[in-house]
């Protein structure tokens, strides 16, 4: 079975980062001992999504009490 026939589980997106942010991420990766930029960005996005979801649930519960 060819892998080309399977549904893709990821999508490539182009994103522009400020140079200073790229430098900071690269420094963080060097200190961590891992050079996987994509994994670092994906983890940062997961954390942000979790934080936003928590805030949205809290706001929703507060609005329902009114």
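The values are calculated or read from the model by the stated rules, or taken from the named source; none is laboratory data. Not measured: the values here are computed from a predicted model. Note that each Cβ is placed from the backbone with ideal geometry, even for glycine, and that neighbours are counted across all protein chains shown.
Values computed for the structure shown
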{"quantity": "Those residues of region 10-38 which are surrounded by fewer than 11 Cβ atoms within 10 Å (Cβ to Cβ) and outside any helix (DSSP H, G or I), in sequence order", "calculated": "10, 11, 12, 13, 14, 15, 16, 18, 33, 35"}
{"quantity": "Sole residue being touching a helix residue (DSSP H, G or I) at 6+ places or on another chain (Cβ under 9 Å), at pLDDT below 95 and on the phi < 0 side of the Ramachandran plot, chosen from 29, 56", "calculated": "29"}
